[in-house]
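Notes for the one structure printed next.
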Amino acid sequence: MHQVTSEAELRELLGEPLPWVAHKERPRLHELDRQWLAASPFCLIATSAADGTCDVSPKGDPPGFTLVLDDTTIVLPERPGNRRADGFRNVLSNPHVGLIFFVPGRGDTLRINGCGRLIRDAPFFDQLTVRGHRPALALLVEIDEVFSHCSKAFLRSKLWEPESWRPDAVPSRPRIAKALDRPHESLADLEQYYGAAYTEKLYRAV
């Protein structure tokens, strides 16, 4: 293997970005960014601990789940999950976060980088209530930069093309859980757990 060890070598391989690409980031939300957030039901949040270890966590809710407080501040509610809190623990030691917001069917994405804070309550929490669930925790992000990203990765992967989908290419979630996470539970119990009842508990702590 020939490892790349300098930015000069990296640029030799990839070339320089076009000027409009290199300088497209903005320090605050544009009205078009607000519209994107209002339509987005899903995002990925990247964090890093003080020691450099990283995490990327998916977050999803009805479209518009990200609350815009102002042009430089957004809030994402936390819903019941596995309680590992990997990303949140990272934020406690290193507040820098990176987010990518998706709109289903669209190849372009909205990227936001900034500093995060964990909020346990605030008047705006009432606006974060979904199906009776008022979050006990939210991630507030003070925006450093925001920009749109192109569609090439989605076009190459055919991510939104149903004819390319093969959900059965890997074992089912119950079978993966049985093999890796919960080997002492029966497959029948796991299939029941991840079945119809699973969607009924999306906003309930279990």
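The values are calculated or read from the model by the stated rules, or taken from the named source; none is laboratory data. These numbers come from a predicted model, not from an experiment. Neighbour counts run over all protein chains shown; Cβ positions are idealised from the backbone, glycine included. All accessible areas refer to the heavy atoms of the entire protein, side chains included, with ligands and DNA or RNA removed. Shrake-Rupley method; radii C 1.70, N 1.55, O 1.52, S 1.80 Å.
Measuring with a 1.4 angstrom probe and ignoring ligands and nucleic acids, CYS115 comes out at about 40 Å² accessible. Put a plus charge on the Cβ of each Lys and Arg, a minus charge on the Cβ of each Asp and Glu, and nothing anywhere else: the dipole of the stretch 57-187 about its Cα centre is then about 640 debye. Between GLU142, GLU161, GLU16, the GNM of the chain built on Cα springs shorter than 10 angstrom shows GLU16 fluctuating the most. Among ALA138, SER48, PRO62, pick out the residue whose Cα is farthest towards the positive end of the charge dipole of the chain, where Lys and Arg carry +1 and Asp and Glu carry -1 on C-beta, about the Cα centre. Of the listed residues, the answer is PRO62. Contact order for the chain, expressed relative to its length and based on alpha carbon pairs under 8 Å spaced 6+ residues apart, stands at 19 percent.
When you restrict to C-alpha pairs under 8 Å that are six or more residues apart and normalise by the size of the stretch 2-99, the relative contact order lands at 28 percent. Of HIS96, HIS133, HIS23, the residue with the greatest mean-square motion in the GNM of the chain, using alpha carbon springs below 10 Å, is HIS23.
Within a straight-line Cα-Cα reach of under 29 Å, LYS152 can be paired with the following lysines, leaving aside sequence neighbours fewer than 8 residues apart in one chain: LYS24, LYS59. The local environment of ARG111, defined by Cβ-Cβ distances under 12 Å, has a net charge of -3 under the rule Lys, Arg +1 and Asp, Glu -1. The figure for ASP126 is an accessible area of roughly 100 square angstrom, using a 1.4 Å probe on the protein chains alone.
In this calculation the C-beta distance from CYS54 to ARG156 is compared with R0 = 25 Å, giving a FRET efficiency of 0.60. In terms of accessible area, using a 1.4 Å probe and ignoring ligands and nucleic acids, ILE74, ILE119, ILE100 rank largest first as ILE100, ILE119, ILE74. Here LEU202 sits with roughly 80 square angstrom of accessible surface, probe radius 1.4 Å.
Which shape class applies to the stretch 135-206: rounded if a/c is under 1.5, otherwise prolate when a/b exceeds b/c and oblate if not, where a ≥ b ≥ c are the square roots of the Cα gyration tensor eigenvalues?
oblate
Other residues lying with their Cβ under 13 Å from the Cβ of ARG34 contribute a combined charge of -2, Lys and Arg counting +1, Asp and Glu -1.
Estimated from helices alone, the mean residue ellipticity of the chain at 222 nm is -6000 deg cm²/dmol (sum of -39500 (n - 2.57) over DSSP H runs with n ≥ 4, per residue). For the set TRP36, TRP160, the ranking by accessible area, highest first and with no ligand, DNA or RNA atoms included, is TRP160, TRP36 under a 1.4 Å probe.
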